[in-house]
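Below is one structure, written out as structure tokens; the observations come after it.
The values are calculated or read from the model by the stated rules, or taken from the named source; none is laboratory data. Because the structure is a prediction, the values reported are computed rather than measured. Reconstructed Cβ throughout: ideal geometry from the backbone, glycine too, with neighbour counts over all protein chains shown.
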Amino acid sequence: MESRRDIFQAIADPSRREIVRLIAFQPMNLNAIAENFDMSRQAVSLHIKIMSECGLITIKQQGRERFCSIEPKKLAEIADWIEPYRRTWEGRFGRVDDILHKLKTKKNG
Amino acid sequence: MGSTNLTRIVAEAGKQELFVIREFDAPRELVFRVFSEKEYLEQWVGPKDLSIRYEKFEPREGGSYRFISGSCDGMEFGFHGVCHEHTTPERIIQTFEFEGLPERGHVVLETSRFEPLPGERTRVTIHSVFQSVADRDGMVKSGMEKGIVDSHEKLDVLLNKLTHTLVA
């Protein structure tokens, strides 16, 4: 049985996050990506395979080269994931601001 | 009152911890009070438009707390924990457990640090350590308020966020 792959698994590894940053703005072929890492080309290739299975990376064959690019929509899932939680805290802290403001006014008044 | 102080969440993928970081335009003693006195906590801890009430509140080493939060449909949820350290005005360490989970035993260790900043300002860092990555991710997902999420933003904006989110 194949384990479930999702976006969070795709970025669970620091090397994979480094790959995301590398190819975020321009697609790169596997060799060019591998040059940025100390690990073997095979190890980089495995990371890319996992990220591709998670839907974060698309691999396109161009002649003899395989180009890897980011799927922006998948990347958006991560930011969307944290954002509502952040807003909940922002709401709480906004109320803290109000209380602090009242306390400061009381103290000075 | 609008604030220019942004709330930062640092939740690195695959980890059991998360950080909530925010600065306040008030001196540390005052901020610490708002984070450690029942009267104030009841005004801000709960979800939007819903207040909470403490049925037990002992902010001292070895003390414990329990508060009840209501919801729009009249349901009530309890939260409780034990105070490990309460050092005015710099640090609060406590456990936290949501009683509404299907099973007991999913406890969070929370450390809140209060740092003085120049100009009578204060930085608060809340560090939560969960028992598993799944516990942490579940907490983040449950924090979603009404699911109003902006549609996808530009890739560079996202990447900025990603970098902030993933690299502390």
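Annotations
- Checklist (1) at pLDDT below 90; (2) surrounded by 16 or more Cβ atoms within 10 Å (Cβ to Cβ) applied to B:L41, failing item: (1)
- Checklist (1) within 30 Å of B:P47 (Cα to Cα); (2) surrounded by fewer than 15 Cβ atoms within 10 Å (Cβ to Cβ) applied to A:M39, failing item: (1)
- Residue in region B:43-50 that is among the charged types (D, E, K, R), farther than 19 Å from A:G91 by Cα and in contact (Cβ under 8 Å) with a residue 24 or more places away in the chain present: no
- Condition check for B:E39: of a type in the set (D, E) and either in contact with a strand residue (DSSP E or B) (Cβ under 7 Å, 6 or more places away or on another chain) or in contact (Cβ under 8 Å) with a residue 12 or more places away in the chain (or both): no
- Taking the listed residues B:T7, B:T88, the one that is farther than 20 Å from A:E90 by Cβ and polar (S, T, N, Q) is B:T88, with no other qualifying.
- Residue within region B:152-168 that is touching a Pro at 6+ places or on another chain (Cβ under 6 Å), at pLDDT below 95, within 14 Å of chain A (Cβ to nearest Cβ) and farther than 25 Å from B:E29 by Cα present: yes
- Residue list for region B:36-49, restricted to those being within 11 Å of another protein chain (Cβ to nearest Cβ) and not acidic (D, E): B:Y40, B:L41, B:Q43, B:W44, B:V45, B:G46, B:P47, B:K48
- Helices (runs of 4 or more DSSP H) wholly inside region A:4-109 containing at least 3 residues that are among the small types (G, A, S): A:41-53, A:72-108
- Selection from region B:108-128 of residues that are surrounded by fewer than 16 Cβ atoms within 10 Å (Cβ to Cβ) and of a type in the set (A, V, I, L, M): B:L117
- Any hit, region A:9-31, residues being facing another protein chain (nearest Cβ under 8 Å), out of contact with any helix residue (DSSP H, G or I) (no Cβ under 9 Å at 6 or more places or on another chain) and either among the acidic types (D, E) or more than 30 Å from B:Y40 (Cβ to Cβ) (or both): no
- If you check B:R28, B:R66, B:R33, B:R22 for being within 14 Å of chain A (Cβ to nearest Cβ), under 25 Å from B:Q131 (Cα atoms) and either surrounded by 17 or more Cβ atoms within 10 Å (Cβ to Cβ) or in contact with an Asp or Glu (Cβ under 6 Å, 6 or more places away or on another chain) (or both), only one passes: B:R22.
- From the list B:I52, B:I92, the lone residue that is among the β-branched types (V, I, T), modelled with pLDDT under 95 and surrounded by 15 or more Cβ atoms within 10 Å (Cβ to Cβ) is B:I52.
- If you go through region B:107-118 and keep only what is more than 13 Å from chain A (Cβ to nearest Cβ) and touching a residue at least 40 places away in the same chain (Cβ under 8 Å), you end up with B:E115, B:P116, B:L117.
- Within region A:48-87, considering residues that are among the acidic types (D, E) and in contact with a strand residue (DSSP E or B) (Cβ under 7 Å, 6 or more places away or on another chain), the one nearest to the other protein chains (Cβ to nearest Cβ): A:E71
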